[in-house]
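Worksheet for the structure shown next.
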Amino acid sequence: MKGPLDSTRVRLNWTSALRAAPIALPLLAVPLLLHLAIEVREGDTLGWDQAILLSLRHADDVTRPVGPAWLGTAMVNYTSLGGVAVLLLIVLATVGFLLIGRRPVDALFVSAGLVGGWLCSNALKIWIARPRPDVVTHLVSVADASFPSGHAMVSTATYLTLAAVLVRFLRSPAQKVYVFMVVGLLLCTIGLSRIYLGVHYPTDVFFGWFAGSVWALTCWLAFRRFLSPST
């Protein structure tokens, strides 16, 4: 029979495992991200990537997206929420707010989300050098490489770090869940808009979401021991 000491050890082991889980996630994610990047670079995902893009256009005219005209306009508006210019404006405003409130570490945390996400995204674009989709017409202007989606990756890293700071000011668990639900919906909308507009393959966006989340988690793990308790 297990005594009190054994039960205490079991609880301690479970507690240690739960604390170690967030640290293990980024380490486990790196090989998966590397594998996906290599698959994309070798063209193994191109077939179904193109099939999905074509399914979102009229069969007789790949310049016309499916759905009503207002949907295309909405997607152009949604996609701008993941642009670097918009993200930079939001981050600068947030950093200013945090500095006024004497929270420099929180401000640095938010800045790391944007800057690190942007640097990683551009480094991957240079390494993979994947051309933009050419099976459908682009509905917005693009200039750089396709993989990963900078809109998906940088917006994920930025909005998740912003959410992590915001929930520190909240007491209600329901409010915290709501914040992350809204951010999740926003990120899905931004990423899907890039596919709908024909400027990214689905794998560009999926990788961007995944890599952006890993970067945000890595930043949180690095900064959480220095973050002051919310007041």
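The values are calculated or read from the model by the stated rules, or taken from the named source; none is laboratory data. All values derive from a computational prediction rather than experimental measurement. Glycine gets a Cβ as well: all are built from the backbone with ideal geometry, and neighbour counts include every protein chain shown. Ligands, DNA and RNA are excluded from the accessible area calculation, which covers all protein heavy atoms including side chains. Shrake-Rupley method; radii C 1.70, N 1.55, O 1.52, S 1.80 Å.
Taking the longest Cα principal axis of the chain as reference, the axis of helix 202-223 is set at about 20 degrees. Of the residues Pro148, Val136, Leu33, the one whose Cα sits farthest towards the positive end of the charge dipole of the chain is Leu33 (charges of +1 on Lys and Arg Cβ, -1 on Asp and Glu Cβ, taken about the Cα centre). Of the residues Gln50, Pro173, Val115, the one whose Cα sits farthest towards the positive end of the charge dipole of the chain is Pro173 (charges of +1 on Lys and Arg Cβ, -1 on Asp and Glu Cβ, taken about the Cα centre).
Relative to the longest principal axis of the Cα atoms of the chain, helix 84-100 runs at roughly 20 degrees. Rounded to the nearest 20, the size of the Cβ-charge dipole of the chain about its Cα centre is 1220 debye, with Lys and Arg at +1 and Asp and Glu at -1. Amide H contacts for Arg57 (H built 1.01 Å from N in the peptide plane; partners 5 or more residues away or on another chain; cut-off under 5 Å): Val66.
Just the number, please: carbon plus sulfur as a percent of the accessible area of the chain, 1.4 Å probe, no ligands or DNA/RNA counted.
71 percent
Gain on full extension, evaluated as 0.36 nm per residue between Arg225 and Ala93 minus their Cα-Cα distance, stands at 45.1 nm. Over all other residues within a Cβ to Cβ distance under 15 Å of Val167, the charged ones net out to +4, with Lys and Arg as +1 and Asp and Glu as -1. With all protein chains kept in place, the per residue accessible area of segment 121-231 amounts to 44 square angstrom at a probe of 1.4 angstrom.
Kindly express, to the nearest 10 degrees and within the range 0 to 90, the angle between helix 4-41's C-alpha long axis and the longest C-alpha principal axis of the chain. Approximately 20 degrees, to the nearest 10. If the segment from Asn77 to Arg41 were pulled out straight at 0.36 nm per residue, it would be longer than the present Cα-Cα gap by 9.9 nm.
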